[in-house]
1. For region 33-42, check the following and say yes or no: at least one residue is modelled with pLDDT of 85 or more and on the phi > 0 side of the Ramachandran plot.
2. Tell me, which residue of region 112-123 that is loosely packed, with under 14 Cβ neighbours inside 10 Å and part of a helix (DSSP H, G or I) is modelled with the lowest pLDDT?
3. Is it true that some residue in region 93-109 is assigned to a helix (DSSP H, G or I) and either at pLDDT 75 or above or of a type in the set (Gly, Ala, Ser) (or both)?
Amino acid sequence: MGDEVADRGCVGGYETGHGVSSYFDKNMIYKLLADFVSIAHLAFVLFVILGGIAVWRAPKLAWLHLPAVAWGALIEFMGWICPLTPWEQSLRRLAGEEGYSGGFVEHYLLPVLYPEGLTRDAQILLGVLVLAINVAIYALVLRRHLAGRSRE
């Protein structure tokens, strides 16, 4: 039975109708890649919002964080879609899944924050919040740095 199952394109005893290495493997790889892009995108968004806390502990991270904040705020203020969003959607379609309309923030984060979806005003508010959070954190970092200098 083992050879017969392999010859018919079966996976785990279930017939796929395709060779094992065609449809199933490609879809799984694209799905995993789409999930990876989605997780990386979320990590970037979290770094944009909360990376100032990491800068508090390691000030040299500001060289990475400040451009990330600028990019995140620019995306929100201009109403653009981050390039990671269409990349993820493309990978999802290649995996045989449906893509989604709108951006990453609108699809994954706004249903939690704003159930009705992303409006232009909400986008601008998100950009202002990103900047306000980071200005506050960087003010604390700067004050800490200046206080350390005055002790020397």
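The values are calculated or read from the model by the stated rules, or taken from the named source; none is laboratory data. Computed from a prediction, not measured in an experiment: that's the story for all the values here. With ideal geometry, Cβ positions are generated from the backbone for all residues, glycine too; neighbour counts draw on all protein chains shown.
1. There is no residue in region 33-42 that is modelled with pLDDT of 85 or more and on the phi > 0 side of the Ramachandran plot.
2. Ranking the candidates gives Leu113 first.
3. Yes, because at least one residue in region 93-109 is assigned to a helix (DSSP H, G or I) and either at pLDDT 75 or above or of a type in the set (Gly, Ala, Ser) (or both).
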